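Participant: What follows is a single structure, and I will ask about it in a moment.
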Amino acid sequence: MKFANFKIIFVLAVSIVLLTSCNEEKKTNEQASIPIMDFAQLEPLLNQKNDTTYVVNFWATWCAPCVKEIPYFEKLNEEYKSSKVKVILVNLDFPNQYESRLIPFVKERNIKSQVIMLDDPNANYWINEVNPSWSGSIPATLVYNKSKRDFYEQEFTYDELVNALNTINLN
């Protein structure tokens, strides 16, 4: 009888360990939902030639104006989700801040827009490739479709963001 109880306790203990490890694996998979890309991987997302308008914001968690405007991009993403508008938030935090800053930031604010971390040390190259007039300061936003591109090196209000979108879509 005591041996049978030991078996039950053993099976329960093993089950708890397995469930805990599955939860840890799930956390890792959630974190993996924010891809880390170099510029060569990101560049195709900046040059789509389809019937969608893209709003690509370059930001960082340590940038106060960036953090202030993130809700406006989220609102735009929500309000235009049935239109052919796609919001992409390109994070420029340091790669060693991925787990300590970026993941918690996205989770705490329940960000629904696509988030990508750009990890490419050759900023002198890719900043110019995004837009030759870009000084490298953030926030910065590229709004484009297959026929027009506008670049903004500024912080947006929601109304300014909608105006930028409407300017691109008036073709």
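The values are calculated or read from the model by the stated rules, or taken from the named source; none is laboratory data. Just so it is clear, the structure is predicted and the values come from calculations on it, not from any experiment. Glycine also receives a Cβ, built like all others from the backbone with ideal geometry; neighbour counts cover every protein chain displayed.
Participant: What number of residues within segment 154-171 are under 15 Å from residue 68 (Cα atoms) and out of contact with any helix residue (DSSP H, G or I) (no Cβ under 6 Å at 6 or more places or on another chain)?
Facilitator: The qualifying residues number 4.
Participant: Does residue 73 fit the bill of being touching a helix residue (DSSP H, G or I) at 6+ places or on another chain (Cβ under 6 Å) and either surrounded by 15 or more Cβ atoms within 10 Å (Cβ to Cβ) or assigned by TED's automatic domain parsing to the domain that holds residue 139 (or both)?
Facilitator: no
Participant: To continue, here is another question. Look through segment 54-70, keep the residues that are among the aliphatic types (A, V, I, L, M) and more than 26 Å from residue 147 (Cβ to Cβ), and return whichever of them is farthest from the chain's Cα centre (by Cα).
Facilitator: Checking each candidate, the answer is 64.
Participant: Counting only residues that are of a type outside the set (A, V, I, L, M), modelled with pLDDT of 95 or more and surrounded by fewer than 18 Cβ atoms within 10 Å (Cβ to Cβ), give me the strands (runs of 3 or more DSSP E) lying completely in segment 90-171 with at least 1 of them.
Facilitator: Answer list for segment 90-171: 114-118, 149-152.
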